[in-house]
Amino acid sequence: MASLLRHLSLTRTRRLLPLSNPPLCNRSSPSPQPSRPPRGLRFSSSLSQITRNLRPTNSRVFCSRSLDLDDAQGPAAIDYRSVLQEDEFHRLADETIQDLQEKFEEIDSHHRLSFRKSFLEYGDCIQIDGLDIDYGNQVLTLKLGSLGTYVLNKQTPNRQIWLSSPASGPSRFDWDQTSQTWVYRRTKAKLSQLLENELEQLCGKPINLS
Amino acid sequence: MLRNLGRRITAVGLGHHQNAHHHNNLAVVGARLYHERVVDHYNNPRNVGSFDKNDPTVGTGLVGAPACGDVMKLQIKVDESGKIVDACFKTFGCGSAIASSSVATEWVKGRQMEEVVTIKNTEIAKHLSLPPVKLHCSMLAEDAIKAAVKDYEAKKSKIQGNVEATPVEKAAEA
């Protein structure tokens, strides 16, 4: 039993070793982004302390290449060799966010049209008071009046898109090469599907974002 | 990102003279006005500190991604009955992350482990009236609580496993 455990822990170590990264705040080690300005000493010392503590339990790698759905709840140093290249990440994330923005704007204009129409015809339509779409500082905000606010932003260091939803709360999406979509590892939810489902629930009308 | 980091603060070792600095820091960031509870927990974080992570009665939850600057460590001290008798935290992150973890330590104290794993990020976010972008901080606090309980239980079962495994090993050797 003990030897099996030892064997397992060795295998684990071997698997993890190539993935472990020097702590990002350790200024003496080569950094993947050499142009980083130095951080305050207080921060870097406390952070490196924490990062050192993290390393033995590091079981989660923010890797967007293969989809590891086992979302262990430990923090992780990021292995920059296995994640998306930064420019590739920006390309994919910007594309997604811009696409969503356009779709939201379409819904918005449709909403305005149908609202006017309903005003005249008392027809059925999507009615959201206080609908507002805003994109600034790389953050997409969709306000649905009293229904709440969606916020989508890029989290470049871990190559994720973060979503804050009034319905499902916070979630973090990684790019999945296999399905070519953004996937939340914990629930396996796809970004666009999650938004479609929630918006449909909130607005009472089918919403197509693809 | 690093510019943001410059604004980030840590709740570790807040001294009185540092409080003033931190307060100013939040005022600069806080054009959107945080709820008074966030400001209160930020200026007077409860239960800041560390327990010995090797102590078998201690569970340590360490969550976040160092690269984005938010790292939260929450520790619980558990008695025989599974009750959390003490809790502490250290957080490297924004005011909302500090407030979320500070609240989390208050909420877990005196409660059973099975109770605290049901604490949802939404409860923390609601209590602190966090704005939508800051919901992620309350999620981190929820994760930290769960990770601490998980760590405690893993430690406990490892100790029990060793106790049970010893006679078997001896038998095998014999």
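Counting, for every residue in B:130-138, the Cβ atoms of other protein chains within 10 Å of its Cβ and taking the mean gives 6.
Could you please rank B:72, B:113, B:139, placing first whichever residue has the fewest other Cβ atoms within 10 Å of its Cβ?
Arranged by neighbour count, lowest to highest, B:72, B:113, B:139 become B:113, B:139, B:72.
For the residue pairs A:188/B:150; B:90/B:126; A:154/B:146; A:154/B:83, alpha carbon separations beyond 31 Å are given by A:154/B:83. Ordered by the count of other Cβ atoms within 10 Å of each Cβ, fewest first, B:38, B:58, B:103, B:117 give B:117, B:58, B:103, B:38. For the stretch B:127-148 and the stretch A:135-153, write down the distance between their C-alpha centroids in whole Å. Taking the Cα centre of each part, the stretch B:127-148 and the stretch A:135-153 sit 19 Å apart. Normalised size of the stretch B:39-174, defined as Cα radius of gyration per 2.2 N^0.38 Å with N residues, equals 1.19. Looking at the square roots a ≥ b ≥ c of the eigenvalues of the Cα gyration tensor of the stretch A:157-198, which shape do they give, rounded for a/c under 1.5, prolate if a/b is larger than b/c, or oblate? Cα axes put the stretch A:157-198 in the oblate bin.
The order of B:50, A:210, going from fewest to most other C-beta atoms within 10 Å of their C-beta, is A:210, B:50.
FYI, it's all coordinate maths here, none of it is from the lab. Being a predicted model, the structure only gives us computed values, none of them experimental. All Cβ positions, even for glycine, are placed from backbone atoms using ideal geometry, and neighbour counts span all protein chains on display.
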